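J.: This is the structure I want to talk about, given as structure tokens.
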Amino acid sequence: MARRFRGTEEVKVDAKGRISIPAKFRRVFESADPDWTDSNSRPQLVIVYGTKEQNYLALYTIEAIEEIDTLISQLPRGSSRRIYLETVVNGLSEESEIDNDGRLGLPQKLREKIGLSDRAVFMASGDHLKLWTPENYTAEIERIEAQIPELEPGADPLSLLPSRDEPGGAQ
């Protein structure tokens, strides 16, 4: 099983749209790229920018995007779900790589899509990273917190997990 992304980091975006990928995140991209060999090669990734409603960029490892592609291919050809997922994951995405200096160059159209200027926030989401503007990141955290009203302030978030004797877990 590939390593997972953990943590949140705010970084600068330079005038050319390059973002330094924190080392802990680069290691995950490297470990989940079957063609990556050593520190002299460039780890590959896929950036899914999605539909107009998506206000972040999803940066998937090669292993994660291949797993998603496999699941999509199991859907019936011509089904609305398959067409939608193929459009979002394949059509509204870009292949990219991390350069030898540990930076990711973002095309202008992707920066404009999410309103990215001089600062960006990486937020770990298990097998991928989400790249936000600082403002949209803050709004997303508030939205997520509001989705779980039964969690009292200061409560342990792990209390939301199912107990060992709850098959399938509680919702």
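J.: What number goes with the only condition from (1) touching an Asp or Glu at 6+ places or on another chain (Cβ under 7 Å); (2) surrounded by fewer than 18 Cβ atoms within 10 Å (Cβ to Cβ); (3) touching a residue at least 60 places away in the same chain (Cβ under 8 Å) that residue 32 does not pass?
T.: Single failed check for residue 32: (2).
J.: A further question on this structure: Which condition does residue 129 not pass, out of (1) within 18 Å of residue 9 (Cα to Cα); (2) at pLDDT 95 or above; (3) open to solvent by 20 Å² or more (accessible area, probe 1.4 Å), if it passes all the others?
T.: In the conditions (1) within 18 Å of residue 9 (Cα to Cα); (2) at pLDDT 95 or above; (3) open to solvent by 20 Å² or more (accessible area, probe 1.4 Å), residue 129 misses (3) alone.
J.: For the subset of the stretch 115-126 comprising residues that are closer than 16 Å to residue 59 by Cβ and touching a Ser or Thr at 6+ places or on another chain (Cβ under 6 Å), which member is surrounded by the fewest Cβ atoms within 10 Å (Cβ to Cβ)?
T.: Going through the stretch 115-126, the residues closer than 16 Å to residue 59 by Cβ turn out to be 116, 120-126.
Those left that are additionally touching a Ser or Thr at 6+ places or on another chain (Cβ under 6 Å): 116, 123.
Numbers: 116: 22, 123: 18.
In this case the residue turns out to be 123.
J.: Taking the stated definitions as given, is residue 52 at pLDDT below 95 and either open to solvent by 60 Å² or more (accessible area, probe 1.4 Å) or not basic (Lys, Arg) (or both)?
T.: On the way: at pLDDT below 95: yes; either open to solvent by 60 Å² or more (accessible area, probe 1.4 Å) or not basic (Lys, Arg) (or both): yes.
Here the answer is yes, as residue 52 does meet what is asked.
J.: Output yes when any residue across the stretch 68-83 is open to solvent by 50 Å² or more (accessible area, probe 1.4 Å), under 29 Å from residue 112 (Cα atoms), among the aliphatic types (A, V, I, L, M) and without any contact (Cβ under 8 Å) to a residue 40 or more places away in the chain, and no when none is.
T.: yes
J.: While we're looking at this one, here's another question. Quick check on the stretch 23-45. Is at least one of its residues closer than 14 Å to residue 129 by Cβ, in a strand (DSSP E or B) and at pLDDT 95 or above?
T.: Yes, that holds for at least one residue.
J.: Among what's in the stretch 3-29 and is out of contact with any Pro (no Cβ under 8 Å at 6 or more places or on another chain), among the aliphatic types (A, V, I, L, M) and open to solvent by less than 30 Å² (accessible area, probe 1.4 Å), pick the residue that is nearest to residue 116 (Cα to Cα).
T.: Once the filter is applied, the top-ranked residue is 13.
J.: So, one more: Kindly indicate whether residue 111 is in contact with a Ser or Thr (Cβ under 7 Å, 6 or more places away or on another chain), surrounded by 15 or more Cβ atoms within 10 Å (Cβ to Cβ) and charged (D, E, K, R). Explain how you work it out, then say what you get.
T.: Numbers: in contact with a Ser or Thr (Cβ under 7 Å, 6 or more places away or on another chain): no; surrounded by 15 or more Cβ atoms within 10 Å (Cβ to Cβ): yes; charged (D, E, K, R): yes.
Spelling it out, it is not the case that residue 111 is in contact with a Ser or Thr (Cβ under 7 Å, 6 or more places away or on another chain), surrounded by 15 or more Cβ atoms within 10 Å (Cβ to Cβ) and charged (D, E, K, R).
J.: Which one of these does residue 101 not meet: (1) within 27 Å of residue 21 (Cβ to Cβ); (2) at pLDDT 90 or above; (3) open to solvent by less than 90 Å² (accessible area, probe 1.4 Å)?
T.: Against the list (1) within 27 Å of residue 21 (Cβ to Cβ); (2) at pLDDT 90 or above; (3) open to solvent by less than 90 Å² (accessible area, probe 1.4 Å), residue 101 comes up short only on (3).
The values are calculated or read from the model by the stated rules, or taken from the named source; none is laboratory data. These figures come from a predicted structure and were not determined experimentally. Using ideal geometry, Cβ is built from the backbone for each residue, glycine included, and neighbour counts are taken over all protein chains shown. Keep in mind that these areas ignore ligands, DNA and RNA; they rest on the heavy atoms of the full protein, side chains included. Shrake-Rupley method; radii C 1.70, N 1.55, O 1.52, S 1.80 Å.
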